[in-house]
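The values are calculated or read from the model by the stated rules, or taken from the named source; none is laboratory data. Computed from a prediction, not measured in an experiment: that's the story for all the values here. Methodologically, a virtual Cβ is constructed for each residue, glycine included, from the backbone with ideal geometry; neighbour enumeration extends over all protein chains shown.
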């Protein structure tokens, strides 16, 4: 199943080497990149893929997206609307050889120069499909610090061994895949996620963030075990002891919704916590908040932290994945080493008790987002990697 798209072919392009220097021109041949992902539902990796394909230099790169399921909302249509072809493959349970064969046929049909899997799960399909299709180059990715189980881990290890490059969205993720999967450090390339600095922005200082009400704490994420919303609720119960007017927003949907509402009721915080579901106005909600909490048990490089920083919110986060690469402890927020609701509440009390300090932390976070986590930087770093992989001499064998 395909959705719209395609780019205008051009007669020539310039390629940049890994340091950004101009490399020899390949006349009339854009680099054809096939990006493989499991689904295109609402999520951080899916957003990054959308921002990447709509931001690349279309004179020099021809992108196509292959989704390993028919779960395409909302980003499938958005990517197609950006002029990029999306091909959806039917999903079945477990590892599916038919999807490998279908993906290989698509890669051969589209005469790809690079197969680039965008998540660890997708790498298990991209590696054999790339080999079967005879595509010259393979780039795999790791975007979180989480294993997938014995069988999938073995497949992922093979995919990493046969990759020309492995994209990691944080140094913590790079360290994880090197330790867990034996991925060669020389093939791991850290490309941090980017945030849309025009979409997420600080509130107008002339407006009262709380409209005269108590402070507001926000989190954004799916209601799944990974996000540990019970910890959010436990910390909320502790903070309410000192700040009874505080309000808490949980933005996102997921299978634990009913269970979490019951937990809020049991903790006595149900009247102070709003479960808002999925919302299209997250930037506006961020601007209405005073502090952002991330209570995840595990992560890669969390997009929501970048969005909170771009919104000039001070952050209190668990030390999950690459959170420390975003939050400068004591300068742009606080990083809590362990699952400790009392520490989350204590850091937030400090922020609420020192509004000038909290405001300064938020602005320092915004500056960090502008300096290190722009979408343009993410796109350019990916383009340089594509160039470097295509210009490498010979076929890289397994490690």
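Here is how the numbers come out for the structure above:
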item	result
Residues of region 177-196 classified as buried (at least 17 other Cβ atoms within 10 Å of the Cβ), touching a residue at least 60 places away in the same chain (Cβ under 8 Å) and under 17 Å from the mean Cα position of the chain (by Cα), total	6
Condition check for residue 266: in a helix (DSSP H, G or I), outside the structural domain of residue 383 (by TED's automatic domain parsing) and surrounded by 19 or more Cβ atoms within 10 Å (Cβ to Cβ)	no
Odd one out for residue 272 among (1) in contact (Cβ under 8 Å) with a residue 12 or more places away in the chain; (2) within 19 Å of residue 227 (Cα to Cα)	(2)
Condition broken by residue 240, with the remaining ones in (1) free of Cβ contacts under 8 Å to residues at least 60 places away in the same chain; (2) touching a helix residue (DSSP H, G or I) at 6+ places or on another chain (Cβ under 7 Å); (3) closer than 18 Å to residue 316 by Cβ satisfied	(2)
Output for region 276-302, where each listed residue is surrounded by 23 or more Cβ atoms within 10 Å (Cβ to Cβ) and part of a helix (DSSP H, G or I)	286
Within region 303-319, considering residues that are in a loop (DSSP other than H, G, I, E, B) and touching a residue at least 24 places away in the same chain (Cβ under 8 Å), the one surrounded by the fewest Cβ atoms within 10 Å (Cβ to Cβ)	312
Filter result for residue 350 (free of Cβ contacts under 8 Å to residues at least 60 places away in the same chain and either in a helix (DSSP H, G or I) or more than 21 Å from residue 165 (Cα to Cα) (or both))	yes
Residue count for region 130-152, restricted to those that are closer than 12 Å to residue 162 by Cα, touching a residue at least 40 places away in the same chain (Cβ under 8 Å) and either touching a helix residue (DSSP H, G or I) at 6+ places or on another chain (Cβ under 7 Å) or not assigned by TED's automatic domain parsing to the domain that holds residue 171 (or both)	2
Residue satisfying all of: in region 72-87; touching a helix residue (DSSP H, G or I) at 6+ places or on another chain (Cβ under 7 Å) and not in a helix (DSSP H, G or I); nearest to residue 152 (Cα to Cα) among these	87
Residue 379 within 28 Å of residue 118 (Cβ to Cβ), modelled with pLDDT of 95 or more and part of a helix (DSSP H, G or I)	yes
